[in-house]
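The values are calculated or read from the model by the stated rules, or taken from the named source; none is laboratory data. Quantities reported herein were computed from a predicted structural model and do not represent experimental measurements. A quick note on method: Cβ atoms are made from the backbone with ideal geometry, for glycine too, and the neighbour counts reach across all protein chains shown.
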Amino acid sequence: MTARTTAGPRIAILGGGIGGLAAAAFLQRQGIQATVYEQAARLAEVGAGLVIAPNAGRQLRELGVLEHLSKDSVRLDTGWQFRRWADGTVLSEEDLAASCERLYGEHTYTAHRAALLAAIQSRVPGHLVKLGHKCIGLDATGETWRIRFADGRSAEADVVIGADGVHSAVRNAIIGSSPATDSGLCAFRALVPAGDAPDFARRPAQTLWIGPGHHLVHYPISAGKYVNLVAFAPADGDTVESWTATATVEEFLAEFNGWDRRLTGLIRAAGTPGRWALLDRAPLARWSEGSATLLGDAAHPMFPFFAQGAAQALEDAAVLARCLAEGIDDPPAALLRYEGLRIPRTTRLQTVSHGRSHVNHLPDGARQRARDAAFAQEDPLVANGWIYEYDPAAALAGTARANPRTQP
């Protein structure tokens, strides 16, 4: 049974990934307990590395976990280093060491997803995390919700937060089916042991190699023990949307045939790469129904081209916890306030992330040369300030508590 707190309603979070555990941790900071239901038998984030931009880093620092994570992370000195596909020419780069903290009050880091998940989990009491609970449906029963699990068990809650990812059962229950479309792209992921990686890939830098129809990003993670690779290429019809699908190094190399030999040498050092399809999902106009809502990829799956998926889940969690704390006596109104604050921002990020592949994947020619010239003049750390400067507390302070759907 979902825990009931002296502060009010029973809150159930479906999904024990980064967003779900962050929601529980931020609620805990507000003195509100929430029960997390996770389908896996143990908490272990799949995938590989991720970039922790300043907007995410500040939320982790607020939770008190950034220093805990520091032993397993890398602080970047260089970011947005764009290199030309054929010869590695540096088109532009950002001096994060000199500017990031000054502009946004925090550095930029990289980490393995599992290390980030463990750091956040440390702020959630263990008895509030229920493993082996795969949600398959949600039923409204008056002012409460009945959560159905795959093994026949069920639970009741007054508030439900769907943090159950891109295939969210909660989203389907409260919003309806939102079918995905084929983006035409697939992603490869791989980890290279640092000892097998060339010097240029071990530097504390986020590097993006861009070329016709493809791009590849690499950066060190796990205190420099590994180099994380993530690459994007045209998808074939057999590619599936799954974090656990795999390819071969030969298939990975074939996509980057003819690229700079330093890059293909790095790919050769990879183990078994993952490969999955990037499916396209339009932004949702609403996330909530009564006292149930969505968070993270369940609400706003986005292409990873701005490295903001985990960051937006953390922001969601921080805003949601504050909204519920301030509106604990009226959860439906609190959830409407939450979605009203978050939907415009996440929709904008979904949109710009969607368009980035067209910029990165231009074929050689006049448009590519114009893009490269623009990169040489651009300061991405400043140009993307609207992403990195976001403050959940300030966002709440600037809004009324009225129902955002009913305001004129």
Could you tell me whether the stretch 162-182 includes any residue that is over 22 Å from V51 (Cα atoms), in contact with a Cys (Cβ under 9 Å, 6 or more places away or on another chain) and surrounded by fewer than 16 Cβ atoms within 10 Å (Cβ to Cβ)?
-> no
Quick one: which residue in T346, T272 is assigned to a helix (DSSP H, G or I), out of contact with any Cys (no Cβ under 7 Å at 6 or more places or on another chain) and among the polar types (S, T, N, Q)?
-> T346
Has the stretch 363-373 got at least one residue that is polar (S, T, N, Q), modelled with pLDDT under 95 and more than 25 Å from the chain's Cα centre (by Cα)?
-> no
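Looking for whichever is within 25 Å of G8 (Cα to Cα) and among the hydrophobic types (A, V, I, L, M, F, W, C) here; the options are L349, L284, L362, L324. Which one fits?
Just one listed residue meets the conditions, L324.
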Is it true that D151 is in a loop (DSSP other than H, G, I, E, B), surrounded by fewer than 22 Cβ atoms within 10 Å (Cβ to Cβ), more than 20 Å from the chain's Cα centre (by Cα) and not small (G, A, S)?
-> yes
Can you pull out the residues in the stretch 308-343 that are buried (at least 22 other Cβ atoms within 10 Å of the Cβ) and outside any helix (DSSP H, G or I)?
-> Q308
Where a residue in the stretch 85-113 is more than 25 Å from I267 (Cα to Cα) and modelled with pLDDT of 95 or more and its partner, wherever it lies, is surrounded by fewer than 21 Cβ atoms within 10 Å (Cβ to Cβ) and among the small types (G, A, S), with Cβ under 6 Å and at least six apart | none
Somewhere in the stretch 284-296, is a residue under 30 Å from D364 (Cα atoms), surrounded by fewer than 23 Cβ atoms within 10 Å (Cβ to Cβ), of a type in the set (D, E) and touching a strand residue (DSSP E or B) at 6+ places or on another chain (Cβ under 9 Å)?
-> no
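If I filter the stretch 320-327 for residues that are free of Cβ contacts under 8 Å to residues at least 60 places away in the same chain and either under 21 Å from the mean Cα position of the chain (by Cα) or within 30 Å of R146 (Cα to Cα) (or both), do I get at least one hit? Reasoning before the result, please.
In the first step, residues of the stretch 320-327 are kept if they are free of Cβ contacts under 8 Å to residues at least 60 places away in the same chain; the result is none.
No, there is no match, as no residue in the stretch 320-327 is free of Cβ contacts under 8 Å to residues at least 60 places away in the same chain and either under 21 Å from the mean Cα position of the chain (by Cα) or within 30 Å of R146 (Cα to Cα) (or both).
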Output the residues belonging to the stretch 20-35 that are closer than 18 Å to G327 by Cβ and not small (G, A, S).
-> F26, L27, Q28, R29, Q30, I32, Q33
